[in-house]
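The values are calculated or read from the model by the stated rules, or taken from the named source; none is laboratory data. Predicted model, so just to flag it, every value in this text is computed and none were measured. Ideal geometry is used to build each Cβ from the backbone, glycine not excepted, and the neighbour counts take in all protein chains shown.
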């Protein structure tokens, strides 16, 4: 079969912390998500590091025999400690190229708890969906743990109520509480 007729596995880009955080439950959730992705035949696309929540997630997918594509800027390879055991590690020029590459390879997006980088990726992915810059609608789901995303959900509701987000667009970003809910997004 030629590459042009080959079908690819569905892929989920996951944004999450390169730091470990203080709640071990986030790592348990990352392992659960990673296992489920591998079992469902869904490729993981993520930021390419072996540390923090990112490393926990990638290791879980790999432990179950799943495919993991990491995308990391050259300048962060040593700083973020690139994961050298991935199915594929793509080195790119900068953070903008990292996101463009991840967005192009993903069918949908998921965010686990993280910091500034995670928030930035969530909002840019959602903005691209809103503006039609992705090759089709690509929803963003916030996989919640202990209410981590509840404040952001409240902010988004406020942005709609105050007229800064169209009432038709809040569904671009949704908060879910189970891994099954994340996988269901790929079935839509």
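May I ask you to list the residues in segment 133-147 that are surrounded by 14 or more Cβ atoms within 10 Å (Cβ to Cβ) and either over 19 Å from the mean Cα position of the chain (by Cα) or touching a residue at least 60 places away in the same chain (Cβ under 8 Å) (or both)? Can you show your working first?
First, pick out the residues of segment 133-147 that are surrounded by 14 or more Cβ atoms within 10 Å (Cβ to Cβ): 134, 138-145.
Those that are surrounded by 14 or more Cβ atoms within 10 Å (Cβ to Cβ) and either over 19 Å from the mean Cα position of the chain (by Cα) or touching a residue at least 60 places away in the same chain (Cβ under 8 Å) (or both): 143, 145.
Looking only at segment 61-70, how many residues end up being within 18 Å of residue 18 (Cα to Cα) and outside any helix (DSSP H, G or I)?
First pass over segment 61-70, keeping only residues within 18 Å of residue 18 (Cα to Cα): 61-62, 68-70.
Applying the additional criterion that residues be outside any helix (DSSP H, G or I) yields 68-70.
Residues flagged as within 18 Å of residue 18 (Cα to Cα) and outside any helix (DSSP H, G or I) within segment 61-70 amount to 3.
For every residue, the table says whether it meets (1) in a helix (DSSP H, G or I); (2) closer than 22 Å to residue 28 by Cβ; (3) modelled with pLDDT of 95 or more; (4) in contact with a strand residue (DSSP E or B) (Cβ under 8 Å, 6 or more places away or on another chain).
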residue: 96; (1), (2), (3), (4): yes, no, no, no
residue: 134; (1), (2), (3), (4): no, no, no, no
residue: 138; (1), (2), (3), (4): no, no, no, yes
residue: 155; (1), (2), (3), (4): yes, no, no, no
residue: 160; (1), (2), (3), (4): yes, no, no, no
residue: 185; (1), (2), (3), (4): yes, yes, no, yes
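Filter segment 71-90 down to the residues that are crowded, with 16+ Cβ neighbours inside 10 Å and either free of Cβ contacts under 8 Å to residues at least 40 places away in the same chain or assigned to a loop (DSSP other than H, G, I, E, B) (or both) and list them by number.
Our first condition is that a residue be crowded, with 16+ Cβ neighbours inside 10 Å; within segment 71-90, this holds for 71-73, 76, 80-83, 86, 89-90.
Residues satisfying the conditions are 71, 72, 73, 76, 80, 81, 82, 83, 86.
For segment 152-175, what are the residues that are crowded, with 17+ Cβ neighbours inside 10 Å and under 16 Å from the mean Cα position of the chain (by Cα)?
The initial filter retains those residues of segment 152-175 that are crowded, with 17+ Cβ neighbours inside 10 Å, namely 152, 156, 165, 172-173, 175.
Of everything in segment 152-175, those that are crowded, with 17+ Cβ neighbours inside 10 Å and under 16 Å from the mean Cα position of the chain (by Cα) turn out to be 172, 173, 175.
Filter segment 18-32 down to the residues that are over 19 Å from residue 71 (Cα atoms) and in contact (Cβ under 8 Å) with a residue 40 or more places away in the chain and list them by number.
Passing the criteria: 21, 23, 25, 26, 29, 32.
Return only the number of the condition from (1) under 21 Å from residue 140 (Cβ atoms); (2) free of Cβ contacts under 8 Å to residues at least 40 places away in the same chain; (3) in a loop (DSSP other than H, G, I, E, B) that residue 58 does not satisfy.
(3)
Any residue at all in segment 2-12 that is modelled with pLDDT of 95 or more, closer than 22 Å to residue 145 by Cβ and under 16 Å from the mean Cα position of the chain (by Cα)?
Checked segment 2-12: at least one residue is modelled with pLDDT of 95 or more, closer than 22 Å to residue 145 by Cβ and under 16 Å from the mean Cα position of the chain (by Cα).
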